[in-house]
Amino acid sequence: EIVPEKIDYVFKVVVIGDSAVGKTQILSRFTKNEFCFDSKSTIGVEFQTRTVTTKSKVVKAQIWDTAGQERYRAVTSAYYRGALGAMVVYDITKRQSFDHVARWVEELRAHADNSIVIMLIGNKADLVDLRAVPTEDAVEFAEDQGLFFAETSALSGDNVDKAFFKLLEEIYGGI
Ligand code: GDP
Ligand code: MG
């Protein structure tokens, strides 16, 4: 990665969603282009960064990962503080993780800034034979709630960069 001389913006992005949907892997795919097969569950709130150039601006994305706090209402308001963007992740093979998305969006609306840009992410799109959430259900929910939407695979890397770039561009467009 080229270290830029100057960073125009630092954007804090939070990643939320049920446990085991692939949040940590999405983050590691985006920031390190890695997928870790024997990853342990995350301990302690952490963030990772990646600096990208988009719309001719150098943007440092500071992406926060929940740390085994995925129980309902366990994520503290400090986690959301200053966040300009959010990814709400579910697993396309786990219907329950999609059913819980509404709660996560509620949490965001309660704790984050009103102007936060939210992207709904259906992860594990590589597991086509195990799909339990039709794309149309997610599209409908996203339209209803005014969220952006993408299906990704942290495993193959499919759409991960694209989703983050879209989120960062939308944040930039709003400031
Ligand atoms: P988190 O609890 O939401 O942070 O989930 P993790 O990132 O720890 O991933 C949970 C499990 O799902 C791990 O066994 C990962 O290897 C697996 N996983 C994550 N992303 C994908 C993906 O895109 N495809 C597949 N097939 N497995 C994934
Ligand atoms: Mg994790």
(Q) Show me, for the stretch 74-82, the HN-Hα J-couplings you get by feeding each phi into the Karplus relation (A = 6.51, B = -1.76, C = 1.60, θ = phi - 60°), rounded to Hz, glycine and proline as x. (A) 8, 6, 7, 5, 4, 4, 7, 4, x
**Q.** Efficiency of FRET from Cβ geometry, Lys32 and Ile175, R₀ 30 Å, rounded to 0.05
**A.** 0.65
Q | Point-charge dipole on Cβ atoms (K/R +1, D/E -1) for the chain, about Cα centre, debye to 20 | A | 560
Q) Normalised by the residues of the chain, what does the relative contact order come to in percent, with Cα pairs under 8 Å and at least six apart? A) 25
Q | Amide H contacts under 5 Å for Val10, placed H, 5+ residues apart | A | Lys60
Q: Straight distance only, please: which aspartates and glutamates reach the Cα of Lys32 with their own Cα at less than 13 Å, same-chain residues fewer than 8 apart left out?
A: Glu1, Asp161
(Q) Quick check on the chain: take the gyration tensor over C-alpha atoms, sort the square-rooted eigenvalues as a ≥ b ≥ c, and tell me if it's rounded (a/c under 1.5), prolate or oblate. (A) rounded
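A short reminder: the numbers here are calculations on the coordinates, not readings from a lab. As the structure is a computational prediction, the values presented were derived from the model and not from experiment. Methodologically, a virtual Cβ is constructed for each residue, glycine included, from the backbone with ideal geometry; neighbour enumeration extends over all protein chains shown.
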